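Have a look at the structure below before the remarks.
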Amino acid sequence: MVREGSSIDKALAVLEAIAEHHRITDIAAATGVSKSTVHRILQSLVEWDFARTDGNGGYEPGPRILTLAGRVMSRFDPARQAATALRALHERTGFTTHFAIRSGDEAVYVEKLEGRRPYQMPSRVGMSLRLYSTAIGKAVLAQLDDDEVRAIVARTQPVKLTPNTVVGEEELLAHLVGVRAAGYAVDDEENVPGIRCVGAAVFDHTGQVFGGISISTLAMDLEPEALRELAPEIVSAAREVSLALGAPTTLTRR
């Protein structure tokens with residue numbers, strides 16, 4: 001719903017509504033704008049090519065929206081969009097903070113903020129990470145259906161990196177059930193001995209999993225339970241990053 005008397009708000013609300021609604025009556029109901037005002041706004045949007053008639057008495061997004069979206073996406077930098085939420089998480093926890101995006105059967109770090117500790121994590125921007133053995137990776141896998149996870153496992157052939165690494169297909173699928181239920185994933189020395197991480201998934205403007213964020217520390221600094229106590233911070237930050245990337249506000253966990 002929009003503020004009464006705000007012409008710009010009404011126009012923007014109608015523009016957003018035509019992504020899901022086509023009839024004037026439905027757009028008016030979704031926005032709280034009167035049908036006569038919706039009709040006037042739609043006429044202007046059609047003139048500017050931001051909307052067009054669908055041939056059945058309704059309206060749909062116009063070609064100018066696609067042109068504008070293409071220009072924006074060509075300059076889109078996920079790390080820059082996520083910067084505010086990542087810095088806030090880093091300040092709140094003091095641990096090394098990572099942001100990685102999915103790239104096929106792995107993920108790639110696009111941002112790293114070093115923790116306030118007398119040591120550095122052995123990670124770097126541009127470095128790829130496994131999906132099955134890392135907190136970010138498992139958070140990503142938990143948002144995929146079982147068949148897709150099986151296909152990834154078949155292609156990547158997980159290997160035992162540490163005594164804690166989960167490598168069996170069925171064992172991994174069972175583990176991901178817990179990740180989905182919790183809303184976050186923990187890497188308890190599963191990828192690199194002596195390092196613990198907790199991570200949560202990040203979603204893009206389509207509502208699909210895009211990557212994830214995490215915090216990392218040496219195992220001697222934080223016991224698993226203490227790490228899990230920080231999970232709400234990571235989940236909250238992941239939601240902020242998702243919203244910064246244009247994800248729907250009604251995201252639900254699998």
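The values are calculated or read from the model by the stated rules, or taken from the named source; none is laboratory data. Keep in mind the model is a prediction, meaning the values are calculated, not measured. In this analysis, Cβ positions are derived from the backbone assuming ideal geometry, glycine residues included, and neighbour counts consider all displayed protein chains. Heads up: the accessible areas ignore ligands, DNA and RNA and are worked out on the full protein's heavy atoms, side chains in. Shrake-Rupley method; radii C 1.70, N 1.55, O 1.52, S 1.80 Å.
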How do the pairs read when you match residues in region 223-251 that are farther than 15 Å from VAL198 by Cβ and among the hydrophobic types (A, V, I, L, M, F, W, C) with residues anywhere that are part of a loop (DSSP other than H, G, I, E, B) and open to solvent by 60 Å² or more (accessible area, probe 1.4 Å), using Cβ under 8 Å and keeping only pairs 6 or more apart or on different chains? LEU243/THR249; LEU245/HIS205; ALA247/HIS205
Let me confirm something: among THR165, THR96, which residue is under 18 Å from VAL192 (Cβ atoms), touching a Gly at 6+ places or on another chain (Cβ under 9 Å) and of a type in the set (Ser, Thr, Tyr)? THR96
Report the residue count in region 6-31 for those that are out of contact with any strand residue (DSSP E or B) (no Cβ under 7 Å at 6 or more places or on another chain), in a loop (DSSP other than H, G, I, E, B) and open to solvent by 50 Å² or more (accessible area, probe 1.4 Å). 3
If I filter region 212-248 down to residues being out of contact with any Cys (no Cβ under 9 Å at 6 or more places or on another chain) and assigned to a strand (DSSP E or B), which single residue comes out as surrounded by the most Cβ atoms within 10 Å (Cβ to Cβ)? GLY212
